[in-house]
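As structure tokens, the structure follows; a few thoughts come after it.
The values are calculated or read from the model by the stated rules, or taken from the named source; none is laboratory data. Given the structure is predicted, the values throughout are model-derived calculations rather than measurements. So basically every Cβ, Gly included, is an ideal-geometry build from the backbone, and we count neighbours across all protein chains shown.
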């Protein structure tokens, strides 16, 4: 194989780093987009999807497909509001960038200077923890640590979240590993409130939504939307049947995790948000602060799929955005997921290209397939049927998970090691609170005091371990509950973990460490 001259190698690297790649001018016809979206909707059973595509500062496509809610013919359009979930994180980072421009705070200010009662498990980490650290998923806590405080339901307040973070275990060194979290973005939202003198929601709506003239299509204050008609409802598939899912919190109530995942937006409004970013923050923040948002902060592993499919060499998390190289171009993105709804935002700055895909069903394969099909057309990178590819992956994952669960399946005749009465009582975790193990006609029953929807029957599995089968089947998060005993064989604690490997990481049962506080 001939060796490429060093001069040519350096030129190629220079082109990649400076963005001096030839412009791509491929376009997507409306019919081609319709075909892409409709195939994904049919393959993955999605009630309604909204897609927006911005190129060179102009909206090329803005369209809705399907319905906002099953059993209702009201259609999705470009103005339909969706819960954008973790796409909200970029708005939180942008809010902090605005305050940096205002000279009110700095990225590397200490969090305790704004929230004096903020504590992590390690005192030194608490003292050194900065605003930047809140946004970059490198705290040392585990993946999704503490998410059960708000997921799938809760009565917890933001003040309680801040108070409870100190009880979450550090599982890696500070600033050494990436582990995605939500709770620290809630803290970041409270930093905005403390620094600005306004609530997080009021600040975001006034200084971002109104500044970008998208206040009618993007809302941090969601309580005003209780009577909104053009809003998508979340859906899940349970036992092969589509059903409407509950929201994390009713629209009539303030969203506790607004800064991490509570904003509602339309695809049309997101086009203005994307356009601002593709123009280096113009109209909202300085280029200096925008560059900071898009600068790698935490290194991420590059997946084998990204290497093989897109030639990806680096991956990182910035401030509210994921960053990587993608077919030789910078790829800026974020996804968002709540129960029954997932969203995706991607920007290719060198091509002045931005795309949003919103869906009202929790299957993430549809939004990814649509996004990849759109990207490959605009960047002219291939001719893959991404819907087929993601469906094959989805079916394989389901099959593998089912095999694992089946291998661990409980014996229908399994019995507990101890009399069932011995397991009854109140068990307390320092950040999750109390659960009650009681007895009814069917056996043991699990009830959470704070997360009202986490309740279900308990079935003997092995020894002192039970399977908790949640009453709400939309969770897809059944769990093992393993009782612990003291030296005298008396139950004194409880630990849990998810049964299926496909369980959403926000069901962080493994972070719970219950101590028995009283017996029934």
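Of the residues that sit in segment 354-383 and are in contact (Cβ under 8 Å) with a residue 24 or more places away in the chain, part of a loop (DSSP other than H, G, I, E, B) and touching a helix residue (DSSP H, G or I) at 6+ places or on another chain (Cβ under 9 Å), which one is surrounded by the most Cβ atoms within 10 Å (Cβ to Cβ)?
361
Report yes if some residue within segment 180-187 is in the same structural domain as residue 85 (by TED's automatic domain parsing), surrounded by 23 or more Cβ atoms within 10 Å (Cβ to Cβ), farther than 22 Å from residue 277 by Cα and modelled with pLDDT under 95; otherwise report no.
So far as segment 180-187 goes, no, none of its residues is in the same structural domain as residue 85 (by TED's automatic domain parsing), surrounded by 23 or more Cβ atoms within 10 Å (Cβ to Cβ), farther than 22 Å from residue 277 by Cα and modelled with pLDDT under 95.
Does residue 277 fit the bill of being touching a helix residue (DSSP H, G or I) at 6+ places or on another chain (Cβ under 6 Å) and not in a loop (DSSP other than H, G, I, E, B)?
Details: touching a helix residue (DSSP H, G or I) at 6+ places or on another chain (Cβ under 6 Å): no; not in a loop (DSSP other than H, G, I, E, B): yes.
Spelling it out, it is not the case that residue 277 is touching a helix residue (DSSP H, G or I) at 6+ places or on another chain (Cβ under 6 Å) and not in a loop (DSSP other than H, G, I, E, B).
For segment 395-403, indicate whether the set of residues that are over 23 Å from the mean Cα position of the chain (by Cα), buried (at least 17 other Cβ atoms within 10 Å of the Cβ) and farther than 20 Å from residue 144 by Cβ is non-empty.
No.
Go through 332, 405 for me and flag whichever is at negative phi, outside the structural domain of residue 480 (by TED's automatic domain parsing) and in contact with a helix residue (DSSP H, G or I) (Cβ under 8 Å, 6 or more places away or on another chain).
Values: 405 fails: in contact with a helix residue (DSSP H, G or I) (Cβ under 8 Å, 6 or more places away or on another chain).
Result of the check over 332, 405: 332.
Taking the condition of being surrounded by fewer than 17 Cβ atoms within 10 Å (Cβ to Cβ) and in a strand (DSSP E or B), how many residues in segment 429-444 meet it? Explain how you work it out, then say what you get.
Pass one, segment 429-444, residues surrounded by fewer than 17 Cβ atoms within 10 Å (Cβ to Cβ): 430, 434, 436, 438-443.
Now restrict to residues that are in a strand (DSSP E or B): 434, 436, 438-440, 443.
Of the residues in segment 429-444, 6 are surrounded by fewer than 17 Cβ atoms within 10 Å (Cβ to Cβ) and in a strand (DSSP E or B).
Can you go through 392, 388 and tell me which one is within 21 Å of residue 38 (Cα to Cα) and in contact with a helix residue (DSSP H, G or I) (Cβ under 9 Å, 6 or more places away or on another chain)? Break it down stepwise before answering.
Numbers: 392 fails: in contact with a helix residue (DSSP H, G or I) (Cβ under 9 Å, 6 or more places away or on another chain).
Every option except 388 fails the conditions.
Tell me which of these residue 221 doesn't satisfy, since it passes every other one: (1) under 30 Å from residue 168 (Cα atoms); (2) in a helix (DSSP H, G or I); (3) touching a helix residue (DSSP H, G or I) at 6+ places or on another chain (Cβ under 8 Å).
(2)
All but one of (1) surrounded by fewer than 17 Cβ atoms within 10 Å (Cβ to Cβ); (2) outside any loop (DSSP other than H, G, I, E, B); (3) in contact (Cβ under 8 Å) with a residue 60 or more places away in the chain hold for residue 206; state the number of the condition that does not hold.
Residue 206 satisfies all of (1) surrounded by fewer than 17 Cβ atoms within 10 Å (Cβ to Cβ); (2) outside any loop (DSSP other than H, G, I, E, B); (3) in contact (Cβ under 8 Å) with a residue 60 or more places away in the chain except (3).
Sort out which residues of segment 496-515 are surrounded by 17 or more Cβ atoms within 10 Å (Cβ to Cβ) and part of a strand (DSSP E or B), and write them in order of number.
Scanning segment 496-515 gives 496, 498, 514.
Among the strands (runs of 3 or more DSSP E) confined wholly to segment 40-111, which include 1 or more residues that are under 20 Å from the mean Cα position of the chain (by Cα) and buried (at least 24 other Cβ atoms within 10 Å of the Cβ)?
Details: elements: 48-55, 58-66, 81-83.
Where strands (runs of 3 or more DSSP E) fall fully within segment 40-111 and carry at least 1 residues being under 20 Å from the mean Cα position of the chain (by Cα) and buried (at least 24 other Cβ atoms within 10 Å of the Cβ), they are 48-55, 81-83.
Okay, residues lined up against (1) free of Cβ contacts under 8 Å to residues at least 40 places away in the same chain; (2) under 19 Å from residue 289 (Cβ atoms); (3) outside any strand (DSSP E or B):
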{"site": "305", "(1), (2), (3)": "yes, no, yes"}
{"site": "319", "(1), (2), (3)": "no, yes, yes"}
{"site": "324", "(1), (2), (3)": "yes, no, no"}
{"site": "331", "(1), (2), (3)": "yes, no, no"}
{"site": "335", "(1), (2), (3)": "no, no, no"}
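Read through the list (1) assigned to a loop (DSSP other than H, G, I, E, B); (2) closer than 22 Å to residue 142 by Cα, then give the number of the only condition that residue 453 fails.
Of everything listed in (1) assigned to a loop (DSSP other than H, G, I, E, B); (2) closer than 22 Å to residue 142 by Cα, residue 453 misses just condition (2).
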